[in-house]
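No value in this document is a laboratory result; all are computed from the given coordinates. These numbers come from a predicted model, not from an experiment. Cβ sites come from the backbone with ideal geometry, for glycine too, and all protein chains shown count toward neighbours.
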Amino acid sequence: MTMSEQVPGTHNATQPVPDRNNATTGTAGGHWMQVRDVAAYYGDRMAISEISMTIKPRSTTAIIGPSGCGKSTFIRCLNRMHEVGLGNNRVTGSVLLDGHDIYGRSIDPVQVRRYIGMVFQRPNPFPSMSIYDNVVAGIKLTRSPSRTELDETVERCLNQAALWDEVKDKLKASGASLSGGQQQRLCIARSLAMQPHVLLMDEPCSALDPIATYKIETLINELKRQYTIVIVTHNMQQASRVADETAFFLAGEERIGKLVEFGPTNQLFTNPTDPRTEAYITGRFG
Ligand code: ADP
């Protein structure tokens, strides 16, 4: 089932969403997002506001900015995770995936999270499950695939996550037995198994050592050839290594995070247009 099937007469539909059953899903043309005047609240408190940007297909977009400027809040608005947990969190504005509003009235947030996967700061494999079962856990929740399909999915996704060679002889071992970096790649494989259109990563390397970080960055540069990736990072070097476009967020005295500057990563780091961006990237605050 596609988002367009779920939303009869969806407004703003400018590009069809490819059928999930098509073998080229997630690869043909790529998937893009548009954020229009988004604000997010924790209860009555506004945490971010007036955020608008277009996230290009098959590329990596980095969100940078000092701690507390709303990076995590923002990325969680991109797959409706912000509403999870605290009941009175809310989002205003609109977020479109391939032209369809993910906050549309008839859209199921659970479906949205299948199309727009998320990898978190701390690797969180299911500790009681094997490596194999971790990869296919999401698929098994939604349907009952054949053993052959499961085997193929495990091999494909672990390969895509650059983990297959390290674990192919111990697929029955616990996911928790892996190193931190391997666990993070396992979580990426688990997300890829759902055939997402977009992959969100919230500081995916901040709990990892430099070698594990290097492997994830290499992986991101590989995955963006097929997937649309958005990454939150507090590490400007990381943004310059992986991101095609970078968004700089900043919260003023009122503590509401806003988008200060957004553009090609090279340009933002070498020739920023806003003096606040320049002050941040040259280390004058944050
Ligand atoms: P960043 O990821 O840039 O460090 P966050 O998105 O975590 O920023 O936080 C943005 C703002 O939202 C901060 O002022 C923070 O205190 C607030 N905030 C984050 N999480 C919560 C929460 N669960 N409840 C209330 N306020 C929160």
Gain in span if fully extended, Tyr214 to Val84, counting 0.36 nm per residue against the direct Cα distance: 43.7 nm
Stretch gain in nm, segment Ser106-Asp244, where the contour uses 0.36 nm per residue and the Cα spacing is subtracted: 46.4 nm
Of 171-177, 127-133, ordering from highest average Cβ density within 10 Å down gives 127-133, 171-177
Neighbour-count ranking for Phe248, Phe269 (other C-beta within 10 angstrom, fewest to most) reads Phe269, Phe248
Give, in whole angstrom and from largest to smallest, the semi-axes √(5λ) of the equivalent ellipsoid of the range 106-171, with λ running over the eigenvalues of the Cα gyration tensor. 22, 16, 11
Which whole number in µm²/s is D for the range 182-286 by Stokes-Einstein, with the Kirkwood Rh taken over Cα pairs at 10 °C and 1.306 mPa s? 106
Average the reciprocal distances over every distinct pair of alpha-carbons in the chain, invert the result, and give the Kirkwood radius in Å. 19.5
Cβ-based exposure ranking for Tyr115, Tyr214, Tyr41, in which fewest neighbours within 10 Å come first: Tyr214, Tyr41, Tyr115
Using the basic label-point model (7 angstrom from Cα toward the beta carbon), what is the Ala207 to Ala279 distance in nanometres? 3.4
Report, to two decimal places, the Cα Rg of the range 169-215 normalised by 2.2 N^0.38 Å (N = number of residues). 1.23
Using only alpha carbons, build the gyration tensor for the range 30-82 and give me the equivalent ellipsoid semi-axes, biggest first, whole Å. 21, 12, 10
Starting from 0 in steps of 5 Å, tell me what percent of the Cα-Cα pairs of the range 64-104 lands in each bin. 5, 22, 27, 23, 16, 6, 1
Sorted largest first, the Cα spans of the range 43-152 on the principal axes come out in Å as 48, 32, 31
